[in-house]
Amino acid sequence: MILKYGNQIVDFYTKIQSLINISPYKEKALTDVDYDNNGIPKRVVVSLSGGCDSASAFFLTAKYFPNIEIYPLTCKDVNAPRDVDAAIEISKFIKKHFPFSKINDIEVASYNDLDPKTYPRARKMIKELKEYNTLNEVQMSKCNQIDDNNNAFMKIVGKPLRLDGMTANPPVDVRMGFADRMKKHHPTKDFGPFEVDRVQGEIRRDVHDKPELKYNVYQPFLNVNKRFVAGVFKENNLMDDLYPITRSCVGGKYQTNNFTEWCWQCFWCYEKDWAFNEVSDS
């Protein structure tokens, strides 16, 4: 199914089989996931972070592919409690919105219950990947914990496709302007290099025409930015109900007035504001 929002296009699910054919993991991709006769996965585990990207991937799956069994998953030891709460509310909303879709109750997984060996293994990978300077230690550890949670739950579900809503970074010129905007909002704060760097995005989200499928992990938004996601919310009239439930800010209690507002210090605040305000004005 071709979905277009603004000038960005996503071939949603129907491109999967062609991606499998060119994948170096072709054999694993075919054996790890159950597909129907049309090449659509029978079961999907959707990784919910509490943000709008994974929420939109979840929403579109339920809307356009009602025969897919959907298993929402969030991880309480990886995501902050407020993000887990957001993921739970997102799942409830979409399940109520599509009562005839095959949506299971959300699984709130505990990393410690699923795989107690994740931390040492993550640290080993961090050591091996440090030379590439792609993710810092905290990010790498978090990514590996999420992977282990998903993989353990997927074994329980039985050969599902894992749906990940990660989008590409905004354009470079936009990202470079985030630091200036951050300073404007906080003119008296002395921002260090780390705080400036973190509003310029994550290297792993840079667009390089990456394949959206890696054996059993599907990232349909990998080559579009958050303006596509904002278009999903706008065109499906979700700005007044689903949008307020989502949470992307990583600011702490004091930066967010006890988690009641955006911190205006993190990359995700600026990215979401850029994407949704642009769409709202279009």
Please report the relative contact order for the stretch 4-108, taking Cα pairs under 8 Å with a sequence separation of at least 6, and give it as a percent rounded to a whole number. 25 percent
Only Lys, Arg, Asp and Glu count, each charged at its Cβ (+1, +1, -1, -1), so figure out the dipole size of the stretch 218-282 about its Cα centre, rounded to 20 debye. 240 debye
With a 10 Å Cβ neighbour count serving as the proxy for reagent exposure, in which order, fewest first, do Leu30, Leu163 appear? Leu30, Leu163
Note: Asp240 to Lys42 extended length (0.36 nm per residue) minus current alpha-carbon separation gives 68.1 nm
Too-long pairs where the Cα-Cα distance tops 28 Å, listed order kept, from Lys4/Lys92; Lys76/Lys226; Lys28/Lys272; Lys42/Lys76; Lys26/Lys76; Lys15/Lys76: Lys28/Lys272; Lys26/Lys76; Lys15/Lys76
R0 of 51 Å, Cβ-Cβ distance Tyr254-Lys26: FRET efficiency to nearest 0.05: 0.55
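All of the numbers you see were taken from the coordinates with simple rules; none came from a lab. As the structure is a computational prediction, the values presented were derived from the model and not from experiment. Reconstructed Cβ throughout: ideal geometry from the backbone, glycine too, with neighbour counts over all protein chains shown.
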